[in-house]
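First the structure, in the form of structure tokens, and then the observations on it.
Derivation of every value follows stated rules applied to the coordinates shown; laboratory data play no part. Source: prediction; values computed, not measured. Here the Cβ positions follow ideal geometry from the backbone for every residue, glycine too, while neighbour counts run over all protein chains shown.
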Amino acid sequence: MWLFVYGSDGKQNMHTRLIMMMKDFKVMKQEIDNFARFYSILKRLPYEGDREELKKELVSQATNGRTEHLREMTKKEYIQCCIFLEKKTEQDPLRKSFREALRRARSIVLHLLQQIGVDTADWSKVNAFCRSQKISGKEFKELGIEELEALQKKLRAIQKKNMNL
């Protein structure tokens, strides 16, 4: 509803012009105040560049170029974007097979560590063992598949050496 104020001469005054200029201006109330869902999906996306740039690109695509800022998305756009990204991360067969291979390699290493006497229930002990320069020089969580396979060979050699003593 617009209120038009006319002066005594029957013409619109300055207030009316201001109201008419503002009729196209909309003050958007922020519809979403918790972006945890989006950021948790963003962390899972395989991407090597700047995550902030990726976020801006995803938001821009979800809003058809209207904005690059999460806070300016409508609730509907936000939900649709999150659903699309969740499907992308869960249905990517290459990513699934990589995660499975990584899981298997980690499991084998943990089993071998257990056999040579490292307490695998205590992550600080596992990480301390793995951080040794003679073992891998990295924490367990930072090891890739190739590094885990190389570590398996070292652990089997240690296991074999311990049996010969």
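For the range 36-92, the dipole from Cβ point charges (+1 on Lys and Arg, -1 on Asp and Glu) about the Cα centre works out to 300 debye, to the nearest 20. Shape analysis of the range 94-164 based on the Cα gyration tensor places the equivalent ellipsoid semi-axes at 20, 13, 11 Å, largest first. Of the cross-linked pairs LYS55/LYS96; LYS55/LYS154; LYS87/LYS153; LYS55/LYS153, which ones have a Cα-Cα span greater than 31 Å in the structure shown? Flagged as over cut-off: LYS55/LYS154; LYS87/LYS153; LYS55/LYS153.
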